[in-house]
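Chemist: Encoded as structure tokens, here's the structure I'll be asking about.
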Amino acid sequence: MQFSWSVEGASPSDPQDYIDRAEVVLKEDGYSTHKTTTSLNDGRPLHYLGADGDGRPKIGLGSSALNTVLQLSSDCAEGNASDFG
């Protein structure tokens, strides 16, 4: 069973720099990371950082001129939610 959490916040002044700084912090904490950049419907860039660590929560961080979104997902118990009644 997994626990997932997501929160949306304001856009940083420099979305690319925000992602770059987050990557440094996560790598220093032992996460492996991957970055991509795509485009919003209006053509502005959307920067994404994914991070994974052995036995640790998976992290997704998106940053654009519109907002910042942080998503976490972690295993919290073995089995399915229905197993817990």
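Chemist: For the chain, take the longest principal axis of its alpha carbons; what is the angle in degrees between that and the long axis of helix 15-28, to the nearest 10 within 0 to 90?
Modeler: It is inclined by approximately 40 degrees.
Chemist: A further question follows. Using the Cβ atoms and a cut-off under 11 Å, what net charge is assigned to the surroundings of GLY53, where Lys and Arg are +1 and Asp and Glu are -1?
Modeler: 0
Chemist: Per 5 Å bin, what is the whole-percent P(r) computed from every C-alpha pair distance within the chain?
Modeler: 3, 14, 22, 20, 16, 10, 7, 5, 2, 0
Chemist: Could you work out the helix-only [θ] at 222 nm for the chain, with each DSSP H run of four or more residues adding -39,500 (n - 2.57) and the total divided by the number of residues, to the nearest 500 deg cm²/dmol?
Modeler: Here the helix-only value at 222 nm equals -5500 deg cm²/dmol.
Chemist: Under 14 Å from the Cβ of LYS35, count the other residues' Cβ atoms, weight Lys and Arg +1, Asp and Glu -1, and hand me the total.
Modeler: Result for the neighbourhood of LYS35: -2.
Chemist: Under 10 Å from the Cβ of MET1, count the other residues' Cβ atoms, weight Lys and Arg +1, Asp and Glu -1, and hand me the total.
Modeler: My count for the surroundings of MET1 gives -3.
Chemist: Another question about this same structure. Per residue, how much accessible area does the chain have with a 1.4 Å probe, in Å²?
Modeler: On a per-residue basis, the chain sits at 67 Å².
Chemist: Here's something else I'd like to know. State to the nearest 20 debye the size of the charge dipole of the chain about its Cα centre, where the only charges are +1 on K and R beta carbons and -1 on D and E beta carbons.
Modeler: It works out to roughly 200 debye.
Chemist: Calculate the length of the line joining the C-alpha centroid of the range 57-85 to that of the range 1-52, in whole Å.
Modeler: Taking the Cα centre of each part, the range 57-85 and the range 1-52 sit 14 Å apart.
The values are calculated or read from the model by the stated rules, or taken from the named source; none is laboratory data. Computed from a prediction, not measured in an experiment: that's the story for all the values here. With ideal geometry, Cβ positions are generated from the backbone for all residues, glycine too; neighbour counts draw on all protein chains shown. Heavy atoms of the whole protein, side chains included, go into the accessibility calculation; ligands, DNA and RNA do not. Shrake-Rupley method; radii C 1.70, N 1.55, O 1.52, S 1.80 Å.
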